[in-house]
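Below is one structure, written out as structure tokens; the observations come after it.
What follows draws every value from the coordinates through simple rules; no lab data is involved. The model shown is predicted, which means the values in this text are computed figures rather than measured ones. Glycine also receives a Cβ, built like all others from the backbone with ideal geometry; neighbour counts cover every protein chain displayed.
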Amino acid sequence: MKNLRDSLEISPKEWLSINQFLLEIKQINSECISVFYPFDQGPETISLLQETKRKETFEKIESEIEKKINKLSENPPSAGKFTKTFCVFGWISNGKVKTKEIGISKRLPYTYMASKKPYIKPFRDILKTNYDVLVITIDQKTAKLQKFHGNQITHEAKLRIDLRGRHKKGGQSQGRFLRARQTKIHVFFKKIAHKVKEMDNNSDIILLGGNGPAKKEFFNELDLESSKKCQFVEDLSFSTTLADIHKKIIHKLYQHRKKFVTDIIKRYEKLVKEGLTAKRNDVIYNALKIGAVDTLIVSAEYHKNSQFKKIIKMLEIAKNTSARIEFAASVKIIQKLEINNSVLAILRYKIK
């Protein structure tokens, strides 16, 4: 099971590298061409760029991206053991075309998109990068809270109380001591919960761990919103290295994404009965053009089928009409929904 998990999940080293790359890409605040393509399809990707007509500024960008793709084909970099996907971004800064690229050891959806900003969602969906995670390590007298955006710690807090472990006397004195001690712990946990609420303004998940029973006692102090996002994590202590914390974050994000996609599929299946879904590509294409699509569900392997070029156009329309794009990477889900040669859509309203 471990080997299977490791083959699906990205390595911590590459995850760190990609998160750092995305921090730089997110600084681009201008129109951008984003191209993700399989490592062995450089010439096909260049052909796709050349046959698609764009406005002049995008044509200039695409010309530089074509040069970059040729160079990558001659001397491919590797972010992991093997490069399976190249990701190239092009934009104009101070009148000059800039490009930036990275090689990925996992397969990302084939993407060719012109949009107002770089398109980075495949990184988030498939590689579980760019998430906000709050990690809480706790015992009865100490707490450490770390807010991560990707691999970066954006906010950190430590809280502590003095707590005596034993009372020498017995009888009523011992009973009073234990009650006072438990009250002190309870007040401390409430203080931590308040701090969690301050830091948990946009977390995707909260990871809670620590030695002893404190984490389970503390969980009851969280408000409803935070408790829904909270997951217990094993083998987390104050001495856990940052590298091991990253491993735990990656694994939990994969679980989180799997549940998220499952929930979307359930929503789709429920809305079928209400006429708020579409399955045929031509129907979805027209619905996208009038802004009627709420969510587009696409196989991460869609580039292998005959509808590839049409779907790539649909992705761009979806992005530019604020429709959500969700990539399904699970083979079981792709087969269940029969989206090898098509996409699915959840609609904002019924269409004729």
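Here is how the numbers come out for the structure above:
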quantity	calculated
Computed E for LYS98/ASP40 - FRET, C-beta separation, R0 30 angstrom, nearest 0.05	0.70
Surrounding net charge for LEU127, when Lys and Arg each add one and Asp and Glu each subtract one, Cβ distance under 11 Å	+3
Two-site label geometry, PHE308 and GLU217: point separation in nm, points 7 Å out along Cα→Cβ	6.0
The chain: calculated mean residue ellipticity at 222 nm from DSSP helix runs of at least 4, using -39500 (n - 2.57)	-14500 deg cm²/dmol
Most mobile of SER30, SER173, SER306 in a GNM of the chain (Cα contacts under 10 Å)	SER173
Region 213-281 versus region 78-123: alpha-carbon centroid distance in Å	27
Counted charge near LYS195, where neighbours are those whose Cβ lies closer than 13 Å (Asp, Glu -1; Lys, Arg +1)	+2
Within region 63-148, chymotrypsin sites (Phe, Trp or Tyr not before Pro) in DSSP loop having at most 13 other beta-carbon neighbours inside 10 Å	PHE82
Distance between modelled label sites at ASN70 and ARG348, nm, 7 Å Cα→Cβ extension	4.2
Candidates per trypsin sites (Lys or Arg not before Pro) in region 223-276, loop by DSSP, up to 14 other Cβ within 10 Å	LYS273
Inverse mean reciprocal Cα-Cα distance (Kirkwood Rh) of region 10-127, Å	14.3
Degrees separating the helix 56-74 axis from the principal Cα axis of the chain, which is the longest one	80
Label assignment, Cα extents along the principal axes in Å derived from the structure, set (i) 65, 57, 45; (ii) 87, 50, 42; (iii) 51, 49, 48	(ii)
Inter-centroid distance (Cα atoms) of region 173-197 relative to region 289-352, Å	51
GluC sites (Glu not before Pro) lying in DSSP loop within region 254-352, provided at most 11 other Cβ fall within 10 Å	GLU274, GLU338
Difference of contour (0.36 nm per residue) and Cα-Cα distance, PHE177 to LYS191	2.9 nm
FRET efficiency for GLU24 and ASP244, using Cβ-Cβ distance with R0 set to 22 Å, rounded to 0.05	0.30
Label-point separation in nm, LYS259 to LYS116, each point 7 Å along Cα→Cβ	3.2
Cβ-based net charge around ILE317, under 12 Å, with every Lys or Arg adding one and every Asp or Glu removing one	+3
Residue-wise HN-Hα coupling along region 219-230, computed from phi with Karplus coefficients 6.51, -1.76, 1.60 (Hz; x: Gly, Pro)	3, 5, 8, 6, 6, 4, 4, 5, 5, 5, 8, 7
Tilt relative to the chain, helix 242-272 - C-alpha long axis, 0 to 90 degrees, to 10	60
